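Just so you know, all these numbers are worked out from the coordinates, no wet-lab data involved. Every value quoted in this text rests on a predicted model; they were computed, and no experiment measured them. Virtual Cβ from ideal backbone geometry, glycine too; neighbours counted across all protein chains shown.
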Amino acid sequence: MRQPALPLPPPLRGADPDSFAHDTVVRRLPAIAGRVLTENDLDHQAARAIAALVAEIPSAPLRPLTDHAAPDLALWQGYLAPYAGQDWLAVPWFLAETYFYRRILEAIGYFQPRVGAYGRDPYARQKRMGLEQTSLAGLNDEPLPLDAALRGALWGNQADLSLWPADTSDRPGGATLLADDGPAVLAHFDTLIARSTTVDVVLDNAGAELVHDLLLADALLARGLRVRLHVKAHPTFVSDATVGDARDTIAWLAERPGPGATAARRLIAALATGRLTLHDDWFWTSPLAGWEMPEALFHTLATSGLLISKGDANYRRWLGDRHWSADTPLEAVLGYAPAPLLLLRTCKSEVAIGLDQARVAAANARDPQWMTSGRWGLVQFLTMATSGV
């Protein structure tokens with residue numbers, strides 16, 4: 001199995017005292033379930049199933065899924081088997097979160113053809129509000145410079161609707177880089193452009209972040225690169241982007257006057273010619289670590305000139321959501337990556353590597369909650385990748 005060169009530390013768990021993971025399990029997940037109830041016109045059976053889900057948190061053991069028509073049912077049987085009898089706090093936090101969002105879909109009948117909420121995104125209202133609040137100020141008819149496009153994609157990750165719902169004003173302010181490999185990334189782009197190769201982008205949130213990610217794709221396409229966008233196979237983590245979200249966002253841009261519509265026309269043309277493509281895979285909605293990636297997906301990504309990973313949840317996946325020391329070298333954990341890897345992330349969980357201890361100490365002094373506040377960003381670039389070997 002491909003995995004980090006170092007021994008694996010324990011995973012983050014909700015049982016960790018005074019942790020963000022604990023707060024997520026006992027407070028945030030029930031609150032998110034409550035928003036699903038209030039923001040959707042659900043039938044009595046679905047509402048009762050969501051109420052039952054909330055009642056299980058945090059002390060009941062994680063039970064098997066019961067929506068037998070679901071195409072990922074066998075996968076989830078395998079994910080849950082090692083944790084039989086364990087409750088929401090005992091299992092790894094990443095498993096608890098991904099399982100929670102999958103249970104929401106089970107509750108509403110997302111995969112059940114004869115149920116009223118079949119195929120319905122329970123977070124559609126939040127996504128729509130987040131998109132409508134997106135500003136296109138500063139955009140012109142030309143594709144963005146690559147450095148500006150990268151910065152927009154990074155700080156767009158602050159728009160996380162699972163943490164800061166679209167209808168509240170409680171959102172992170174400020175933006176401070178804790179690690180910045182931007183110059184090395186731009187130099188790498190020169191090599192990619194000369195080869196007219198492919199860039200893969202693993203997307204995170206819909207809404208404002210997805211707008212910025214599409215503008216990054218537009219900038220890459222304008223420089224002769226091909227772009228593959230990787231999205232979630234179903235709604236999850238409230239605002240994570242699906243194929244439908246990507247297409248809806250391009251349509252939204254097309255309706256904006258001026259530069260937005262111009263960018264949308266370029267994106268639509270690139271989709272038509274296959275230079276821009278959309279891909280989903282069950283791996284991205286699983287609780288698996290990056291080194292547990294299926295072979296087919298690994299080999300697809302290994303053909304990439306650059307793999308751009310967006311956001312906090314994807315960052316956690318690459319690191320296995322484990323208690324690494326913050327000064328652990330990137331290559332010691334991520335050397336298994338299928339291609340050169342660029343991590344664009346605003347910090348919203350208590351996991352990080354590749355950081356200088358002096359800078360971490362300075363961040364702690366300025367903002368004791370820097371790991372979860374969303375006000376600190378990372379641009380981390382690893383060229384030492386296995387590239388399919």
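Taking the helices alone, the chain has a mean residue ellipticity at 222 nm of -12000 deg cm²/dmol, built from -39,500 (n - 2.57) per DSSP H run of at least 4 residues and averaged over all its residues. Where (1) 39; (2) 30; (3) 25 are the candidate values, the label of the one calculated here for percent of Cα pairs over 34 Å apart is (3).
For the chain, a crude dipole built from +1 on the beta carbon of Lys and Arg and -1 on the beta carbon of Asp and Glu, taken about the Cα centre, is about 380 debye to the nearest 20. Working from label points 7 Å from Cα in the Cα-to-Cβ sense, the T197 to A137 distance is 3.8 nm. Computed about the Cα centre, the dipole magnitude for region 280-389 is approximately 360 debye when only Lys and Arg (+1) and Asp and Glu (-1) carry charge, each at its Cβ. Entry note, region 20-108: relative contact order of 40 percent, from Cα contacts under 8 Å with a spacing of 6+ residues.
Antiparallel DSSP bridges in region 133-382: what percent, to the nearest 5? Counting DSSP beta bridges with both partners in region 133-382, the antiparallel share is about 25 percent. Classify region 20-108: rounded, prolate or oblate, from the alpha-carbon gyration tensor (a ≥ b ≥ c, eigenvalue square roots; a/c under 1.5 rounded; otherwise prolate if a/b is larger than b/c)? Oblate, since a/c reaches 1.5 and b/c is not below a/b.
Remark: spin-label model distance I268-A52 equals 4.5 nm, labels positioned 7 Å along the Cα→Cβ axis. Distant-in-sequence amide contacts of A175, defined by a placed amide H-H separation under 5 Å and a gap of 5 or more residues or a different chain, comprise nothing. Taking every alpha-carbon pair under 8 Å whose residues sit at least 6 apart, region 133-382 reaches a relative contact order of 26 percent. The residues S59, S349, when put in order of fewest to most other Cβ atoms within 10 Å, stand as S59, S349.
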